[in-house]
Structure formats: C-alpha cells, structure tokens
Amino acid sequence: MVMMRERDERVYGLMARFEHEDALCDAAWAARDAGYRRLEAYSPFPVDGLAEAVGFRPRLGMSWVVVAGLAAGAMAGFALQYYAFVWAYPINVGGRPLTSWPAFILVTFEVAILVAAFAAVAGMFALNRLPRWRHPVLRSPQFSQAMQDSFFLVIESSDPQFSVEDTRRFLWDLAPREVIAVER
C-alpha cells in the first residue's frame, strides 16, 4: 500500500542553517542516507566532499556541446570558403585547382574555435539552467548570511520523500541553528 504524503504547494522546500562546514557535510550525507535526493547546499567557500554528499554528478553533456560547436564551425568555415572560391567567384590562378583544401585550413580552424567557444558559453547557461532570476531560496532573509558565515542545506519539496512535518523533524535532528520553510 502506497501512503500519500501531504504537500504544500506554496513550499519550495526546507532550509537548515548550520554553523560549520563539517556540520553541513554531515547533514548532507545523513539526508542522502535517509533517502532524500533533491538536495542543494550553499556555503561561503568550497567544501571538500560536499558535491558528493548532495549527489552532484558531472554531466557529460557539456563536452558534447563543445564538440558539436567545433564540428559545426569547421563545416561552416570550410563551406563558406568553398562557396566563395569555387561557386561564386572562381578565379583560376596559375592553373591551380579551385578546391585547394590546404589553403582553407586556417580560416576553417579559426571559425571552428570561435563557434565552439560560443557553444561552450551557451551550453553552460543552458545546462546550468541560468539565469535564475527568481530562485525561491534567494528571497529568504536568512539566506543573506550564506555568503558570509553560514552554511545551508535545502531539501526541495519535489523530492519524493518530502513531507513538511517529517522533513522538518529530520532536519532538527541534525542539530542546525534553525530550520526555515522556503516559499515559492
């Protein structure tokens, strides 16, 4: 029998505030061990092991975006030169062939690098879901301390195991300074 948990649609999640980075890391591991999967952690500086604790896995998508941009740029650079020198303005100089590909390498390489760089920037924004103009956590007044001296762990309400009361009780068991309900 599947038990349905109560959901409050106004709640984005619950945010626990910790004093030290070790407490945050321990809390994140405890949340993962308890079955929570939709976690976010915020700290004023990088914390060793925190990414693994919240379940962050690097995506392979970014490298494919750059490779696709590189290939598209190389094809576009070569096609542009081929069109210009073979189709639109064919000038035979000294009996050389019109499609002398070694002459096209420099521009092809430069256009490929340029398009790959633009693809990397666009891919970074898309894969990181940026910009986030109205992230609910940023509206919390306590969150202003996240870039100074506090460490936060957020369990999102989209987590299948999330229940406002059960999750609040779980977070208080981890001994934070406070637990805050973050509204949408």
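Put the Cα centre of segment 21-66 next to the Cα centre of segment 124-184 and the gap is 13 Å.
Projecting label points 7 angstrom from Cα along Cα→Cβ for Glu110 and Gln145 puts them 5.5 nm apart.
How do Ile155, Ile91, Ile105 rank by accessible surface area computed with a 1.4 Å probe, from largest to smallest? Don't skip to the answer; put the middle values down first.
Numbers: Ile155 0, Ile91 125, Ile105 85 Å².
Largest to smallest exposure gives the sequence Ile91, Ile105, Ile155.
Solvent-accessible area of Phe143, all protein chains in place: 20 Å² (probe radius 1.4 Å, heavy atoms, ligands and nucleic acids excluded).
In square angstrom, what is the accessible area per residue of segment 18-135 with a 1.4 angstrom probe? Walk me through the numbers before you get to the answer.
Numbers: 8290 Å² over 118 residues.
Counting only protein heavy atoms, the per-residue value for segment 18-135 is 70 Å².
With the full set of protein chains in place, find how many percent of the accessible area of the chain is carbon and sulfur; take the probe as 1.4 Å. Percent of accessible area from carbon and sulfur atoms in the chain: 64.
Note that segment 70-77 has calculated 3J(HN,Hα) couplings of 5, 5, 5, x, 5, 5, 5, x Hz, one per residue in order, obtained from phi through the Karplus relation 6.51 cos²θ - 1.76 cosθ + 1.60 (θ = phi - 60°); glycine and proline are x.
Of Tyr83, Tyr42, Tyr36, which has the most accessible area with a 1.4 Å probe, and how do the rest follow in descending order?
Values: Tyr83 135, Tyr42 45, Tyr36 10 Å².
The residues order as Tyr83, Tyr42, Tyr36, largest area first.
When the Gaussian network model of the chain links Cα atoms closer than 10 Å, the mean-square fluctuations of Val107, Val54, Val164 top out at Val107. Considering only Thr167, Trp87, Asn128, the residue lying farthest towards the positive end of the dipole of segment 84-174 is Trp87, judged by Cα position with unit charges set on Cβ. Heavy atoms of the protein only, probe of 1.4 Å, neighbouring chains included. What is the accessible area of Glu9 in Å², nearest 10? Near enough 130 Å² of accessible area. Kirkwood's formula applied to the C-alpha pairs of the chain gives a hydrodynamic radius of 20.3 angstrom.
How much length is gained if the chain between Glu183 and Asp48 is pulled fully straight, taking 0.36 nm per residue apart and subtracting their Cα-Cα distance, in nm to one decimal?
45.7 nm
The values are calculated or read from the model by the stated rules, or taken from the named source; none is laboratory data. Just so you know, these numbers come straight off a predicted model, no measurement behind them. Using ideal geometry, Cβ is built from the backbone for each residue, glycine included, and neighbour counts are taken over all protein chains shown. These accessible areas exclude ligands, DNA and RNA; they are computed on the full protein's heavy atoms, side chains included. Shrake-Rupley method; radii C 1.70, N 1.55, O 1.52, S 1.80 Å.
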